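Below are the structure tokens for one structure; questions will follow.
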Amino acid sequence: MDEKRGVEDAGTNDLPTVMRDGIKLHPQPTSDPLDPLNWTRWRKNCILAIVMSLYFMFTYITTTTVPSFPQIQEQYGIDLGQVNWTVAIPALGLSVGPLFWSSLADIYGRRLIFIIGTIIAFAATIGAAKAQDYQGYMAARFFQGFGVSPAATVGLAIINDIYYEYQRGLKVGLWVLAIDMGLIVGPLIGGFVDLVSEAWCNWLTSIFFATILAAEIAFLPETLYPRNHMLRVMPYAETTGVADIEKTERRASIATDESLPRTKTLAFINIKPVPGMKHPKPWDSILRFALTFKYLTVFSTVWIFCFGWYWWVLSIITFIPSAYVQYSPQIQGLLFIGLILGTLFSELFFSGRLSDWLTLKLAKRNNGIRLPEMRLWLAYPAALLSAIGLIIWGISIDKAYHWIVGQIAFFLFAAGIQMGNTAVASYIVDCYPLQSMSIITFYSVFLNLSAFVNPFFIAPWVTAQGYTWTFAVQGIITFWFCVPALACVHYFGPKMRQWSGMPGWVNPEYDTIA
């Protein structure tokens, strides 16, 4: 079987090509009522809410303990550098986890992996709340990150399962909104929970995980769907050639037209490989992660964003307690409001929805051909906003400006991060949509690896250079490195993909047993 770009149409060349606004739909829909693309808007939104909730916890666990740093230092007898590592260690679990979970989710399905991961995170959070020493606390924090890590790769796979590519900018934007909000809402909530005790930061987190687990069990169906197989058995329309999804009547079908167990008809807790597709080996996620270095658009874009831009988020978050040491933990938590408002404003007006609109307009001008590079236009103003925010905040701390100046800086910085993260995540998936699980695994590993590394060098840097120069340099790197580097990817992206060739694997839903 040919596992290159045309694999999604393998064996389906005699079926209609389903179009929307003159642009070929991806994925191609079937007439199957059990096809996740055909589920009701209410069902899809419910699934998206569960995915976003777990992805919110993805970063919430790392930062909700920040306001209780002084109590944690006192409890375990550690210094500022060691307490910063308590933010880094769950990020390490978040980085390692996707390499373990991704292939399993392509074998046994998304639902089972979400449930198992949430159980691990729930148990580890209880362990963190009851830890008697620093070593035990750090071990529990690692497994918190490891357990919640499916929210990244498996979560995006679920979004790809239930939405078309032309809807992906908005949905990925909401998905990114969840991780960014978790990062900055965590300290806000943690500041007030700290009034009870530092342990209650983790007890409340365990309650959140228990609630998400209940929602997964009750409302999250399996979304891994044997699309290639079902396209042959239950095509969208009876006609051949081209079918307009807005004008062509869908072929009438019922679920029992095909006996293959799938999505909602699988076992309630399915422990067998999802039938109707060729599955990867459990270790394939690690192998494919290594092979993804070859695909230059993905490798370069992810590294530019993670190590030139994103990791400065941890610089701000971990230093808010010492930058505003004159305020109580509760007031320090409220100082995250600028970051929250910037993130929300960006998503409402300038991220996912705008990305979808812009991409559609540019595709129509390009004879209906959608190019992944169309997603990158929003990254340039985003980098500028983040750079300005970093510089202003560093100066405001050293010059002891009014706190509102820091809030404006936070707003600008967070708006830029949200726009940039949405643009990058959408772009790399659009580059290789048939390999989206491997691509987002690569992205997630390095996104969280950058968050793991940052706390190890930011404290000595601020101590040596002060806030102004530390954050000014970060702002300079964000704009003067990221913008030219992303512009090169933008211009040379099609040639880079041509040089790299196509991956020799696909997501299992686009592969069938020979």
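For the chain, find the longest principal axis of its Cα atoms and tell me its angle to the long axis of helix 150-162, 0 to 90°, nearest 10.
30
Of the listed peptides 456-464, 314-322, 172-180, what is their order by residue-averaged count of other C-beta atoms within 10 Å, with the highest listed first?
Numbers: 456-464: 14.3, 314-322: 22.3, 172-180: 25.8.
Ranked by mean Cβ neighbours within 10 Å, highest first: 172-180, 314-322, 456-464.
Further, regarding this structure: Between ILE369 and ILE331, what's the calculated FRET efficiency when r is the beta-carbon distance and R0 is 51 Å? Round to 0.05.
Details: r = 53 Å, r/R0 = 1.03.
The calculated FRET efficiency here is 0.45.
Next up: Under a crude label model (7 Å from the Cα following the beta-carbon direction), how far is ALA290 from TYR491 in nanometres?
3.5
Roughly how many Å² is the accessible area per residue of the stretch 280-513, as a whole number, for a 1.4 Å probe? List each step's numbers first, then the result.
Working: 8870 Å² over 234 residues.
On a per-residue basis, the stretch 280-513 sits at 38 Å².
Which distance in nm do the two modelled labels at TRP461 and THR40 give, with both placed 7 Å along the Cα-to-Cβ direction?
If labels sit at TRP461 and THR40, their model points lie 5.0 nm apart.
A follow-up question, please. Ratio of Rg to Rh for the stretch 186-308, alpha carbon only, Kirkwood?
Details: Rg = 22.8 Å, Rh = 20.2 Å.
When Rh is taken as the Kirkwood radius, the ratio is 1.13.
How much length would be gained if the chain were fully extended between GLU74 and GLU238, taking 0.36 nm per residue of separation minus their Cα-Cα distance, in nm to one decimal?
Details: separation 164, 0.36 × 164 = 59.04 nm, distance 7.05 nm.
Separation in residues times 0.36 nm, less the Cα-Cα distance, equals 52.0 nm.
Expressed as a whole number of Å, what is the distance separating the alpha-carbon centroids of the stretch 451-494 and the stretch 124-148?
Cα centroid to Cα centroid, the span is 30 Å.
Ordering LEU224, LEU449, LEU348 by how much accessible area each has at a 1.4 Å probe, largest first, what is the list? List each step's numbers first, then the result.
Values: LEU224 0, LEU449 55, LEU348 120 Å².
Ranked list, largest accessible area first: LEU348, LEU449, LEU224.
Tell me what the chain gives for mean residue ellipticity at 222 nm when only DSSP H runs of n ≥ 4 count, each as -39,500 (n - 2.57), the sum divided by the residue total, rounded to 500 deg cm²/dmol. Don't skip to the end; give the middle numbers.
Details: 19 runs with 340 residues, N = 514.
For the chain, the value works out to -22500 deg cm²/dmol.
Tell me, what % of the accessible area of the chain is carbon and sulfur with a 1.4 angstrom probe?
Values: 12950 of 19170 Å².
C and S atoms contribute 68 percent here.
Divide, for the stretch 34-224, the radius of gyration over alpha carbons by 2.2 N^0.38 Å, where N is the residue count. Write down the numbers at each step before the final one.
Values: Rg = 16.8 Å, N = 191, 2.2 N^0.38 = 16.2 Å.
Taking N as the residue count of the stretch 34-224, the ratio is 1.04.
What are the residues whose amide H is under 5 Å from the amide H of VAL242, where those residues sit 5 or more places off or on another chain and H is modelled from the backbone?
So VAL242 has HN proximity to THR17.
Something else: Put a dot 7 Å past each Cα toward the Cβ at ASN270 and THR248; how far apart are the dots in nm?
Placing both labels 7 Å along Cα→Cβ, they lie 2.7 nm apart.
Related question: Based on the Cβ-Cβ distance from LYS281 to LEU260, what FRET efficiency comes out when R0 is 30 Å, to the nearest 0.05?
Working: r = 22 Å, r/R0 = 0.75.
For R0 = 30 Å, the calculated efficiency reads 0.85.
While we're on this one: Can you put PHE350, PHE299 in order of accessible area, largest first, using a 1.4 Å probe? Mind showing how you got there, number by number?
Numbers: PHE350 85, PHE299 65 Å².
My answer, sorted largest first, is PHE350, PHE299.
Given 20 °C and 1.002 mPa s, compute D for the chain with the Stokes-Einstein relation, Rh being the Kirkwood radius over Cα pairs; round to the nearest whole µm²/s. Can you show the working numbers first?
Values: Rh = 23.4 Å.
Translational diffusion coefficient: 92 µm²/s.
Lys pairs in the stretch 252-306, Cα-Cα under 21 Å, at least 8 apart or on separate chains: how many? Show your work: numbers first, answer last.
On the way: LYS264/LYS272; LYS264/LYS278; LYS272/LYS281; LYS281/LYS294.
Close lysine pairs found across the stretch 252-306: 4.
The values are calculated or read from the model by the stated rules, or taken from the named source; none is laboratory data. If you're wondering where the values come from, they're calculated on a predicted model, not measured in any experiment. As a convention, Cβ positions derive from the backbone with ideal geometry for all residues, glycine included, and neighbour counts pool all protein chains shown. Please note that ligands, DNA and RNA were not included when accessible areas were found on the heavy atoms of the full protein model with its side chains. Shrake-Rupley method; radii C 1.70, N 1.55, O 1.52, S 1.80 Å.
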